[in-house]
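The values are calculated or read from the model by the stated rules, or taken from the named source; none is laboratory data. All figures in this text were calculated on a predicted structure; none of them were measured in a lab. All Cβ positions, even for glycine, are placed from backbone atoms using ideal geometry, and neighbour counts span all protein chains on display.
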Amino acid sequence: MPASAAATAPFPIRVFGGPTALFEYGGLRFLTDPTFDAPGDYQVPNGPLLTKTTPSEGDPADLGRVDVVLLSHDEHADNLDDSGRALLADVPLTLTTTGGGQRLGDKARGLADWESIELDRPAGGTVTVTAVPAIHGPGSREEVEPFAGQVVGFVLTGDGLPTVYVSGDNASLELVREIADRFAPVDTAIMFAGAPSFAILFDGKPIVFDSTQAAKASRIVDARRVVPVHYDSWAHFTEGRQHLEAAFTNAGLADRLDWGRDH
């Protein structure tokens, strides 16, 4: 296979439900936002009640080795639940927000926007993980973060490797345009969606992309493949797979969807 084709070839991604996905990249095994608890209620401190409705499609014992957790944020149970927190103790490195890096202990590293870290690949060379900006709700950071907290996304790059964008819990297309200016085209986008919302926050507007916004974000970064996550398993997610399929079909991007459960 020519190098250019190898660099952009899709690689397996296993989606477990909610925001949790596992993939191998450059010989390293990455896990996004681990959530493996059983269905039940979770109270956000000084915030709304979150209800998990569907069990994960697997548990931590199914993961095998995990080298790095890419954690959008640590403050909400639909991104890091009790099982996920326990799992972090066995993972060598968790990359997350600057605040999360302070809260989660010695194995966690918080990254500021556009800050990069180089990780050694088992067979030589490095993977570069760059933290990219995200906002967990409609409006500016100053308006959103006091209520919804700090979040982060990631872009993974490396010699001979595809470019991977992990959006995290983002609701800002303007920030996606900034990311596209630096990294587009993207070979694989792990796109958080689901249009989660609460009547008591931001007049009920989604705090993560709705399906139409997820399709727009995918076009902005010119993603060749889109793996949706964060659209099922929780009661506050208001749009599911059928909404994403319709939005991507309307945008002419249906052929780029990969649901990550067939691998």
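Overview of values
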{"item": "Qualifying residue in segment 51-70 (condition: crowded, with 20+ Cβ neighbours inside 10 Å, of a type in the set (S, T, N, Q) and touching a Phe, Trp or Tyr at 6+ places or on another chain (Cβ under 7 Å))", "result": "yes"}
{"item": "Elements of type strands (runs of 3 or more DSSP E) in segment 164-239, at least 1 residues being surrounded by 20 or more Cβ atoms within 10 Å (Cβ to Cβ) and out of contact with any strand residue (DSSP E or B) (no Cβ under 7 Å at 6 or more places or on another chain)", "result": "none"}
{"item": "Some residue of segment 118-133 being hydrophobic (A, V, I, L, M, F, W, C), surrounded by fewer than 21 Cβ atoms within 10 Å (Cβ to Cβ), within 18 Å of residue 72 (Cβ to Cβ) and touching a Phe, Trp or Tyr at 6+ places or on another chain (Cβ under 9 Å)", "result": "no"}
{"item": "Selection from segment 248-258 of residues that are without any contact (Cβ under 8 Å) to a residue 40 or more places away in the chain and either crowded, with 24+ Cβ neighbours inside 10 Å or assigned to a loop (DSSP other than H, G, I, E, B) (or both)", "result": "251, 252, 253"}
{"item": "Output for segment 60-106, where each listed residue is in a helix (DSSP H, G or I), under 17 Å from residue 16 (Cβ atoms) and basic (Lys, Arg)", "result": "85"}
{"item": "Segment 115-137, subset assigned to a loop (DSSP other than H, G, I, E, B) and free of Cβ contacts under 8 Å to residues at least 24 places away in the same chain, residue farthest from residue 154 (Cα to Cα)", "result": "124"}
{"item": "Residues located in segment 150-163, provided they are under 15 Å from the mean Cα position of the chain (by Cα), more than 12 Å from residue 192 (Cβ to Cβ) and either modelled with pLDDT under 95 or part of a strand (DSSP E or B) (or both)", "result": "150, 155, 156"}
{"item": "Members of segment 86-108 found to be over 19 Å from residue 64 (Cβ atoms) and either in contact (Cβ under 8 Å) with a residue 40 or more places away in the chain or charged (D, E, K, R) (or both), listed by number", "result": "95, 96, 97, 98, 99, 100, 103, 106"}
{"item": "Residue within segment 37-59 that is under 21 Å from residue 192 (Cα atoms), outside any loop (DSSP other than H, G, I, E, B), modelled with pLDDT of 95 or more and touching a strand residue (DSSP E or B) at 6+ places or on another chain (Cβ under 9 Å) present", "result": "no"}
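Let's see how each residue does on (1) within 21 Å of residue 180 (Cβ to Cβ); (2) among the basic types (Lys, Arg); (3) modelled with pLDDT under 95:
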residue: 96; (1), (2), (3): no, no, no
residue: 102; (1), (2), (3): no, no, yes
residue: 110; (1), (2), (3): no, no, no
residue: 114; (1), (2), (3): yes, no, no
residue: 121; (1), (2), (3): no, yes, no
residue: 134; (1), (2), (3): yes, no, no
